[in-house]
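The values are calculated or read from the model by the stated rules, or taken from the named source; none is laboratory data. In this text the structure is predicted, and so the values were computed from the model without any measurement. Cβ atoms come from the backbone with ideal geometry, glycine included; neighbour counts cover every protein chain shown.
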Amino acid sequence: MRKLAEVRTADGRFIERKYISILSEPLVMKGSVRYQSPDYVRKEYDGPERQSYEIRGDHLVVELADGRKREISVDDHPALRAFVESYRGTLAGDLETLQRYFELELDGRMENWLLRLTPRGDELADYLSEIVVLGRNDFVYSVETLEASGDRSIMTLEPGSE
Amino acid sequence: MNSQRLAAILWLAALAAASAWVVTQTSIRSDISSFMPRAKTPVQQLLLTELRAGPVTRITLISIGGASRDALAMQSKAIAARLRASGLFVRVANGEPIVDGAEREQLFAYRYLLSPAVDEGHFSAAALRDALQQRLRELASPLPVFDRPSLALDPTAELRTMLTAWRGSAEPRSYRGVWFDDRGERALLLAHTRVAGFDLNAQEQAQRAVREAAEAAGVAPLALGLSGPGVYAVASRDLIRAETRRLGIAATLVVMLIVLVSYRSLRLLLVGAIPLVSAVVAGVLAVDLVFGAVHGIALAFGVTVIGVAIDYPIHLFSRFSGERSTRKSLASIWPTIRLGVITTAMGYLAMTATDFPGMAQLATFAIAGLLAAAACTRWALLGLLPADCTAGQMWPSADWCARRRRPPAQWGWLLALAGLLSVVYVLGRGETPWQDDMAASSPIPASLMARDRHLHARLGVADTNHVLVIEAANAEAALQASESLAVDLQPLVAAGVITSFDHPARYLPSARTQLARRAILPQPDRLAADLVQAQAGLPFKADAFSPFIAAVSAARTLPPLLLENLQDTALGARVRSALLPVGDGWAALVLLAGVARTEALSRWLAEREQPNLRHLDLRRDTRSLMMDFRQHAFGRALWGLLAMVLVLWLGLRSAKRTIAVLAPGLLAVVIDIAALCMTGQLLSLFHLVSLLLVVGISIDYGLFFSRDDAHQRERARTFHGLVVCALSTVAVFGLLATSELPVLRAIGSTVAIGVSLSFVAALVIARPVRSPGTAGRI
């Protein structure tokens, strides 16, 4: 974790697959993520529905394909909290924040580790069962989210920008 | 024991009993409605019911500040949760979703009958496909929608459509799901109490609950802002209580001081207090017996009676010079006092029969109080004093009083000229000197009223100045009429005549509409077939929406949702606030917001020619109600004046002296009105009552000044009494003029100015008249 805390910026491409019970096949989304120490994350989707989610601190700005913007507080969306804290918190090596929201379980070695996050609060647990983050050294290459409903999403990342 | 002593003891015993009764039994009210006229038509009745107990009176606006936005959002949620659980409020809104729990389940079951989106074609293959594509986009987004868990049951997002439609168009800005003011500095909440705004004890309890909830959420007392009609009503009751106590004590002290300085006798001071106490107790008792309760303002008015009731013992004490027995002193002035008090009571008698309960209370209070004070002076005081009771060294001294010479009679012409100029001034101003705004008769200070108009606007609390009332035989017919009116109002919104409107069918469609929607819900087979078509090429599982097909199918046999089914729900409270039983039928209230062009609205209404539709312009209608009433009250006052003239003439049997006694008061009233107009005051009904008080007091002055006292010494004593009377009356009413309550301020300033003028005018005009019949008696 200490190694991770030294990451200043990280850029990556992602592929996200959502397995949803009423869908016969997973939804697949692609895009890019950018992390900047200490608390900035931007997630941008490719394609015609190109939208971006920019988080700084507790503020989220959603920009839709048509340029409309919406400002939201991360607190209002437990699902968002799960994503923000697991990804950003892990990259930032911010144990304190992570432990505020999750029980942590770290496995493996430096070159291939696994971090299991189980939500602490009811609000988060209503929505989320667990998050598994996989990493190699200071790079996070997979975030798997298991929702309480049984729906699941896996985001795999590789370094580099567009 | 002589009869005087016996009378005194009986009086004191009766006074003690009456006081005990008043203290333990009298209920005090302070709602504004006593100071509203009674309604004559059903629509006026509705108007007044709305003003008194309608949903608008149940609103409590809560604002909290003094912390960071995040902290305020948390506090707002905590306060709202606690207030919702308290059971004191039908609705607590702070921006969070308005329905939850069992109510949400009920509404969810009824979504296909209630959602405004359900129409012909809503379940066509094309429309369903659009809906499913939209749902897919939502699934892909990292921001889940709140109804995601019910996707299989509600793929067309009907519940969301309903909730969105119910949210006001003019909602305040929101942060973390909680309402904030424009600057984002204060979180706003809106709570509707279960009880009406005039139920002050219950309102106070609700406000205490808000304060406790705020404290529990960590809000500093000073950071909490509370407003709303119920809050004002409680605040004004507290203010009336505090002011009555403060001014009552101050007035009593001032009067006691004046009596003490004037007569230098502790005994006279104590005995002189008895008529004052008698007056107040009799006033409260009479009002309570006649009206069943005493309004706080009538109680506060009791303070003014102190200023007048003291006159009777003063006239008596001024004659205690040791030369004659107390009995003879009393006998020499009683006929004058008697005529004065009967005349004044007659003036008020005409006011007791008004349609304005509050005004009738004031008049009743005055009559009972003055009669009691006079009777006490006549029958109870002598028994408490030695037969040769003498005042101490009097002030002003007897010599000073004896040396006073009246100003030349020609000054009367100057006064008459001043009176004439005043009439010309008041009539020549071109604008009415009358205040017909209901707020002016309200005991609530204007500063409180103005404080949160802005907040009201921000929270989308409908501007209730313009209301369309649809009367119908039953609730269903009223809802149907409300629906068709809503359709017809759209062009007015488009034309900018109004900005928006709110009506009960927006929340609860009529059974007819619900049945019509039910009728177009597709058969299961048909829906299944269209769904297959809609799903083609989309990644949904083939049987993903069978729960949806079952739900639509179930809705096809649902009985319509009625008002009765909405007990104790947030939605029910909303509907009930605009759909109410009136007389034998029901009325739907359509609230119009942002009425920009009243004439266009009137024209539109005239063209509709719909007899069961009425437009209430609350400001205009209450104004005309007040105007009617003012004319009525003015007529009453004139009748009162006529009665006074008649009584005076019957008592004096001399036209000349009647004029001499009345003229100072009339001049004083005319100049008083001009003086009030010059200081920018508009006259309210309280001024009218005060002016009647001025006439009453000035008649006393006129009677005493025009007494044909035989001796110089006697004249000096009369003069002494008059000076002390005028001093004490002006002092008491001058004190009232400093009150924070607009009503007391109006009464105080009017009477203080009027009495000063009366004294001067009576001094000049009311000269002794020698008339064979009554000389030396009255």
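Some observations on this one:
- For residue B:156, the conditions (1) under 20 Å from residue A:51 (Cα atoms); (2) more than 14 Å from every other protein chain (Cβ to nearest Cβ) are fulfilled apart from (1).
- Candidates B:524, B:504 - the one that is closer than 30 Å to residue B:103 by Cβ and surrounded by fewer than 18 Cβ atoms within 10 Å (Cβ to Cβ): B:524
- Selection count where residues are within 14 Å of chain A (Cβ to nearest Cβ) and either part of a loop (DSSP other than H, G, I, E, B) or at pLDDT 85 or above (or both), scope the stretch B:169-206: 7
- Qualifying residue in the stretch B:164-171 (condition: crowded, with 17+ Cβ neighbours inside 10 Å and closer than 21 Å to residue A:123 by Cβ): no
- Residues that are closer than 26 Å to residue B:23 by Cα and either surrounded by fewer than 24 Cβ atoms within 10 Å (Cβ to Cβ) or in contact with a Pro (Cβ under 8 Å, 6 or more places away or on another chain) (or both) within the stretch B:255-275 comprise B:256, B:269, B:270, B:271, B:272, B:273, B:274, B:275, listed in sequence order.
- Residue list for the stretch A:7-16, restricted to those being away from chain B (no Cβ under 11 Å) and not polar (S, T, N, Q): A:7, A:8, A:10, A:11, A:12, A:13, A:14, A:15
- When residues of the stretch B:134-152 are limited to those that are of a type outside the set (A, V, I, L, M) and assigned to a loop (DSSP other than H, G, I, E, B), the one surrounded by the fewest Cβ atoms within 10 Å (Cβ to Cβ): B:146
- The stretch B:343-369, residues that are aromatic (Phe, Trp, Tyr) and either farther than 19 Å from residue B:625 by Cβ or over 23 Å from the mean Cα position of the chain (by Cα) (or both): B:348, B:365
- Scope the stretch A:32-57; condition out of contact with any Phe, Trp or Tyr (no Cβ under 9 Å at 6 or more places or on another chain) and at positive phi; matching residues: A:47
- Hits in the stretch A:20-32 (condition: in contact (Cβ under 8 Å) with a residue 60 or more places away in the chain and within 11 Å of chain B (Cβ to nearest Cβ)): A:20, A:21
- Qualifying residue in the stretch B:707-720 (condition: in the same structural domain as residue B:324 (by TED's automatic domain parsing), farther than 18 Å from residue B:645 by Cα and of a type in the set (Val, Ile, Thr)): yes
- For residue B:166: the one exception among (1) farther than 26 Å from residue B:524 by Cα; (2) within 11 Å of another protein chain (Cβ to nearest Cβ): (2)
- In the stretch B:153-164 there is at least one residue that is in the same structural domain as residue B:80 (by TED's automatic domain parsing), modelled with pLDDT under 90, closer than 24 Å to residue B:80 by Cβ and part of a helix (DSSP H, G or I).
- Taking the listed residues B:211, B:237, B:186, the one that is in the same structural domain as residue B:741 (by TED's automatic domain parsing) and either surrounded by 19 or more Cβ atoms within 10 Å (Cβ to Cβ) or in contact with a strand residue (DSSP E or B) (Cβ under 8 Å, 6 or more places away or on another chain) (or both) is B:237, with no other qualifying.
- Selected residue (only one of B:354, B:344 is polar (S, T, N, Q), in contact (Cβ under 8 Å) with a residue 12 or more places away in the chain, in a loop (DSSP other than H, G, I, E, B) and on the phi < 0 side of the Ramachandran plot): B:354
- Some residue of the stretch B:462-473 being modelled with pLDDT under 90, buried (at least 18 other Cβ atoms within 10 Å of the Cβ) and out of contact with any helix residue (DSSP H, G or I) (no Cβ under 9 Å at 6 or more places or on another chain): no
- Some residue of the stretch B:663-676 being surrounded by fewer than 24 Cβ atoms within 10 Å (Cβ to Cβ), in contact with a Phe, Trp or Tyr (Cβ under 7 Å, 6 or more places away or on another chain) and either in contact (Cβ under 8 Å) with a residue 40 or more places away in the chain or within 20 Å of residue B:763 (Cβ to Cβ) (or both): yes
- Residues in the stretch B:117-133 that are of a type in the set (S, T, N, Q) and either part of a helix (DSSP H, G or I) or in contact with a Lys or Arg (Cβ under 6 Å, 6 or more places away or on another chain) (or both): B:133 only.
- Matching residues, the stretch B:405-456, being modelled with pLDDT of 75 or more, assigned to a loop (DSSP other than H, G, I, E, B) and among the hydrophobic types (A, V, I, L, M, F, W, C): B:409
- Where a residue in the stretch A:48-59 is more than 7 Å from chain B (Cβ to nearest Cβ) and its partner, wherever it lies, is at pLDDT 85 or above, with Cβ under 6 Å and at least six apart: A:51/A:45; A:52/A:44; A:52/A:63; A:54/A:42; A:54/A:61; A:55/A:41; A:56/A:40; A:57/A:39
- Options A:134, A:95, A:128: the member that is within 12 Å of another protein chain (Cβ to nearest Cβ) and aliphatic (A, V, I, L, M): A:128
- Pairs with Cβ under 6 Å, 6+ apart, first in the stretch B:379-393 and farther than 18 Å from residue B:12 by Cβ, second surrounded by fewer than 19 Cβ atoms within 10 Å (Cβ to Cβ): B:387/B:325; B:390/B:322; B:392/B:264; B:393/B:264
- Test: residue in the stretch B:131-148 that is more than 12 Å from chain A (Cβ to nearest Cβ) and over 25 Å from residue B:81 (Cβ atoms): yes
- Highlighted here are the strands (runs of 3 or more DSSP E) found entirely within the stretch B:527-619 that include at least 1 residues which are in contact (Cβ under 8 Å) with a residue 24 or more places away in the chain, closer than 30 Å to residue B:159 by Cβ and more than 14 Å from chain A (Cβ to nearest Cβ): B:579-582, B:585-593.
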